[in-house]
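Q: The structure follows.
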Amino acid sequence: MGFVVAIDGPAGSGKGTLAARLGAALGLPVFDSGLLYRAVAAAVLAAGWNPDDEAACVKAARGLDPRVLADPALRSAAMGEAASRVAVHPAVRHVLIDIQRSFAAREPGAVVDGRDIGTVILKDAQAKIFITASPEARAARRWAQLRGQGEHALYDEILADIRRRDARDEARTAAPLKPAPDAVLLDTTDLSIDAAFDAARRIVEAARARSGQA
Ligand code: DC
């Protein structure tokens, strides 16, 4: 196995940005696993099905065409909310395991971000980071990001959405959002993106030295 970095954390914690920057710095491809759940949600909604219907979501997950993962529409706030509902179903999570593991299994390795990467999907990852930030800091970042994408969202609504998603992602019985026992916690509430990246890179370099793949 190549060098694998697992990054988990709640919505808006900055894990996507950090994963992209780490991947570029390390020369590793990056996989955003949230896009899988978003793509299943998009397919379910497009078919007029219900995201709370496990059988319908499984059907959509089995028929997933990886090319749709590049669709920018998947990144909307509404799709994040629907993805969180789809992600509750154990059978949906099961269908999506292979695509994530086979991406990480290729040389020279990968940076994979999500909610259960260090705890379930890639338990053997050499580096595991669990990123947190206060709900308010995450809501402020998400608000700025959505505005940048041309979506006009209200801060209060985003904060409520983040709290709802945290509660659902943490409370579900299948692969709930939680740090792996061997993950390093990184709280980015008071960190700029550059400072968070420097901290994440130090965590990864320490893990790389330990794993003997320096
Ligand atoms: O990271 P994101 O906001 O794109 O994720 C959208 C939803 O997908 C998230 O609220 C929960 C779910 N998800 C998951 O359950 N497991 C993952 N590894 C990634 C995302």
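The numbers here are math on the coordinates, done by the rules we state, and not lab data. For clarity, every value in this text was computed on a predicted model and none was experimentally measured. Cβ coordinates were reconstructed from backbone atoms using ideal geometry, including for glycine residues, and neighbour counts include every protein chain displayed.
Q: Which ³J(HN,Hα) values, rounded to whole Hz and listed in residue order, are derived for the range 81-96 from phi using the Karplus coefficients 6.51, -1.76 and 1.60 in 6.51 cos²θ - 1.76 cosθ + 1.60 with θ = phi - 60°, glycine and proline given as x?
A: Residue by residue, the range 81-96 yields 5, 5, 4, 5, 6, 5, 6, 5, 6, x, 5, 5, 4, 4, 4, 8 Hz.
Q: Moving on. Using a cut-off of 12 Å between beta-carbons, work out the net charge of the residues near Arg208 (Lys and Arg +1, Asp and Glu -1, Arg208 not included).
A: Working: positive: Arg201, Arg202, Arg210; negative: Glu205.
Result for the local shell: +2.
Q: Can you give me the relative contact order of the chain as a percent, contacts being Cα pairs under 8 Å and 6 or more apart? Spell out each step's value before the answer.
A: Values: 336 pairs, mean separation 71.1, N = 214.
33 percent.
Q: Let me check I've understood the local charge: for Glu157, count other residues with C-beta under 12 angstrom from its C-beta, Lys and Arg +1, Asp and Glu -1. What total comes out? It would help to have the intermediate numbers written out before the result.
A: Working: positive: Arg142, Arg163, Arg164; negative: Glu81, Glu151, Asp156, Asp161.
So the surrounding residues net to -1.
Q: OK, next. Return the long-range amide H neighbours of Ala110 (sequence gap of 5 or more, or a different chain), with a cut-off of under 5 Å between placed amide H atoms.
A: The answer is Phe3, Val4, Val5.
Q: Shape call for the range 57-101 from the C-alpha gyration tensor, a ≥ b ≥ c root eigenvalues: rounded (a/c under 1.5), prolate (a/b greater than b/c) or oblate?
A: In terms of gyration-tensor shape, oblate.
Q: Now, a different point. What relative contact order, as a whole-number percentage, does the range 18-79 give when Cα pairs under 8 Å and 6 or more residues apart are counted? List each step's numbers first, then the result.
A: Working: 36 pairs, mean separation 20.5, N = 62.
Rounded, it is 33 percent for the range 18-79.
Q: Residue-wise, which Karplus ³J(HN,Hα) couplings in Hz belong to the range 18-30, taking 6.51 cos²θ - 1.76 cosθ + 1.60, θ = phi - 60°, and x for glycine or proline?
A: Result, rounded to whole Hz: 5, 4, 5, 5, 5, x, 5, 5, 8, x, 10, x, 10.
Q: Could you tell me how far the Cα centroid of the range 64-124 sits from the Cα centroid of the range 29-60, in Å?
A: So the separation of the two Cα centres works out to 10 Å.
Q: Under 1.5 on a/c is rounded, so check that first for the range 74-122, then, if it is not, pick prolate when a/b is larger than b/c and oblate when it is not; a ≥ b ≥ c are the square roots of the alpha carbon gyration tensor eigenvalues.
A: Here the range 74-122 falls in the prolate category.
Q: If a/c stays under 1.5 just call it rounded; otherwise compare a/b with b/c (prolate if a/b is bigger, oblate if not). Do that for the chain, with a ≥ b ≥ c from the square roots of the Cα gyration tensor eigenvalues.
A: It is oblate, given that a/c is not under 1.5 and a/b is not larger than b/c.
Q: I've got another one for you. Mind listing the long-range amide H neighbours of Asp187? Cut-off is under 5 Å, sequence gap 5 or more, other chains count too, H placed in the peptide plane at 1.01 Å from N.
A: Here Thr132 satisfy the definition.
Q: How many Lys pairs in the chain lie less than 15 angstrom apart by Cα atoms, where the lysines are 8 or more positions apart or on different chains?
A: Within the chain, the lysine pair count is 4.
Q: Here's a follow-up. Under the Karplus relation 6.51 cos²θ - 1.76 cosθ + 1.60, θ = phi - 60°, what is the ordered set of whole-Hz ³J(HN,Hα) values for the range 131-141, x standing for Gly and Pro?
A: 9, 10, 6, 4, x, 5, 5, 5, 5, 5, 5
Q: Between Ala91 and Leu154, what is the label-point separation in nm under the 7 Å Cα-to-beta-carbon projection?
A: Spacing of the two 7 Å Cα→Cβ label points: 3.8 nm.
Q: While we're looking at this one, here's another question. Compute the length gained on full extension between Leu185 and Ile99: take 0.36 nm times their separation in residues and subtract their Cα-Cα distance, giving the result in nm to one decimal.
A: Value of the extension gain: 28.3 nm.
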